[in-house]
Amino acid sequence: MTPSSDETDEPVPVPVRVVLPADPVLGHSEQEVVARLWRRRQTETGWVYLVGLPSYRNLEDGSVKAAEYRVWVRAPEHVRPVAGVDYDQVPTEPLSPVPPTSVVRQVLGKPRPSGWVLAKVREGQGPARGVLHAPDCENAPESAPLLDVEQALDVAQNPGTQLRTVCGCAQELTPMLHGFDHITDS
């Protein structure tokens, strides 16, 4: 039993003209051959089409059988439409839309995760001490919970808490703790 088109996973190809390259050694100019168009794919450099070129194949018993050679070719440089053929049913893979990158994002790079983490430091007796880090800081404890801005400011007001400058925690929280007046040009 021959499977119906509904039972097969492969799409039904449609005819398309493929432009074969010229061969100056043999003295052939460009030629066109009708092939089968299987799929279309958009890439960052343009469109490519998967075409099946008619060919032959040798069998073990020495006979020759019609075959198809499939290859991706650039469109429109290597393909031409066949008059009257509907190409709307050809499986088409458009390039995934990539949101435009703003100039600010290009300059600053990927944003760091939001929030802060507290590394608790216990040195002998006395009040608890700690160091606030950005969550992506290499010295931030991995198991520490992520603090939002309110929690981080509450912890930062503790005299035993240091704000780490290397990871940017101090630069982010100090203006919120003490205002912007203390910042100078130096």
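Quick notes on this structure:
- Checking Q125, Q106 one by one, the residue that is in a loop (DSSP other than H, G, I, E, B) and either closer than 16 Å to V14 by Cβ or at pLDDT below 95 (or both) is Q125 and no other.
- Pairing each residue of segment 58-78 that is on the phi > 0 side of the Ramachandran plot with any residue that is open to solvent by 60 Å² or more (accessible area, probe 1.4 Å) and of a type in the set (S, T, N, Q), provided the two are 6+ apart or on different chains, yields no C-beta distance under 8 Å.
- Residue selection: P111 fails the criterion of being at pLDDT 75 or above, surrounded by 10 or more Cβ atoms within 10 Å (Cβ to Cβ) and under 23 Å from D148 (Cα atoms).
- Checking W38 against (1) touching a Pro at 6+ places or on another chain (Cβ under 8 Å); (2) without any contact (Cβ under 8 Å) to a residue 12 or more places away in the chain; (3) not charged (D, E, K, R), the condition it does not meet: (2)
- Residue within segment 42-65 that is more than 30 Å from T165 (Cα to Cα), among the small types (G, A, S) and surrounded by 13 or more Cβ atoms within 10 Å (Cβ to Cβ) present: yes
- Among residues of segment 77-101, those that are among the β-branched types (V, I, T) and over 16 Å from A35 (Cα atoms), counted: 3
- Residues satisfying the stated conditions in segment 155-178, i.e. assigned to a helix (DSSP H, G or I) and of a type in the set (D, E, K, R): E172
- Pairs with Cβ under 9 Å, 6+ apart, first in segment 85-114 and farther than 30 Å from E138 by Cβ, second β-branched (V, I, T) and open to solvent by 80 Å² or more (accessible area, probe 1.4 Å): Q89/V12
- All positions within segment 66-90 that are assigned to a strand (DSSP E or B) and loosely packed, with under 12 Cβ neighbours inside 10 Å: A66
- Filtered residue count, segment 31-41, keeping only those that are over 22 Å from the mean Cα position of the chain (by Cα), within 17 Å of P11 (Cα to Cα) and open to solvent by 60 Å² or more (accessible area, probe 1.4 Å): 1
- None of A119, A152, A144 is in a loop (DSSP other than H, G, I, E, B) and aliphatic (A, V, I, L, M) except A144.
The values are calculated or read from the model by the stated rules, or taken from the named source; none is laboratory data. Keep in mind that what you see is a predicted model, and the values were worked out from it rather than measured. Neighbour counts run over all protein chains shown; Cβ positions are idealised from the backbone, glycine included. In case anyone asks, the SASA skips ligands and DNA or RNA and just uses the protein heavy atoms, side chains included. Shrake-Rupley method; radii C 1.70, N 1.55, O 1.52, S 1.80 Å.
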